Every structure is written in C-alpha cells, then in structure tokens.
Amino acid sequence: LRCTVNFSSPRFDKYSDKLQDLLKQDGLRDALLMIPLSPESDVIQFDDREQVVQIVLKILFGRLSASSTRGKKSKDSTSARRKAIVLSFSQLKKKELFPLVYLMLRNYTPKDFDLKWEEVGMDSYMNDFLRITSIQR
C-alpha cells in the first residue's frame, strides 16, 4: 500500500492513513466507518472516488478471502470481519462493484478473456449480488 500511495498521484496522500487502518489486524469495523464507501459521503472526494474505491476493494477483497489466524475468542472474528466487509460493499453503486466481481472471477476465466460489463449483462448478476448481500431485517 505504501508503494501505491508513494508512486501514485498526490491525491492519495489524504487517504493513506485511512487505507492503512484497513490493513490493521484489529479495528476493521472502525476503519470502515472512517472511510464510508457510500457515494453520498463526503469523505472520498468525487474526483478521487474511482481510484480510491478500487484500492479499497482490493484491500477488502484480500481481507474477505483471508482466513483468521486468531483464536475463537477474538473480538474481530472471521465471521464478524466478513460481515462488516460485505455490508460495506452494499454501499457502493453497481458500476463500482465491477472490479470486485472481476477479482472474484478472474481465476475462473481464460487468461485472454476480456470481461466487459455491458457484454455479459452484469446488471442482472449485480442485482442478484446486491439482493443477497443486503441486510435482512
């Protein structure tokens, strides 16, 4: 992450602390509250949003797929961490979820396959994904 922030545009400097917090072992839920992914939030500026959201998605996908190395009594259990991450995904617009879908499917597609959102009708898949990940009340 430091390399990305250092060699990217200077616009990432203002988000680097919040992005670093996403990588810490403890306090993921607090870190997610500090960098809300909702488009209505003013934490991520509009001009920076596309690039920052892609970095956040990559970090969170790694945290989502990682298994826990802590004991069962840990406050930040695997299931709590995964639930917090999936709930944060529900704040994104549909088109912002495409990099996440790509990360999930990239191991199952041929290397020369270029996945385009419009070509595969991702709207129906994204609607199903959003329906499944939404909070059941």
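So here's what we get for this one:
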item: First in the stretch 13-35 and under 19 Å from S67 (Cβ atoms), second anywhere and part of a helix (DSSP H, G or I) and among the small types (G, A, S), Cβ under 9 Å, 6 or more apart; result: L22/A31; L23/A31; L23/G62; K24/A31; L28/A80; L28/A84; R29/A80; R29/A84
item: Count of residues meeting criterion [modelled with pLDDT of 85 or more, surrounded by fewer than 11 Cβ atoms within 10 Å (Cβ to Cβ) and more than 24 Å from Y15 (Cα to Cα)] in the stretch 40-85; result: 1
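The values are calculated or read from the model by the stated rules, or taken from the named source; none is laboratory data. It should be emphasised that the depicted structure is a prediction, and the values quoted were computed from it without experimental measurement. Reconstructed Cβ throughout: ideal geometry from the backbone, glycine too, with neighbour counts over all protein chains shown.
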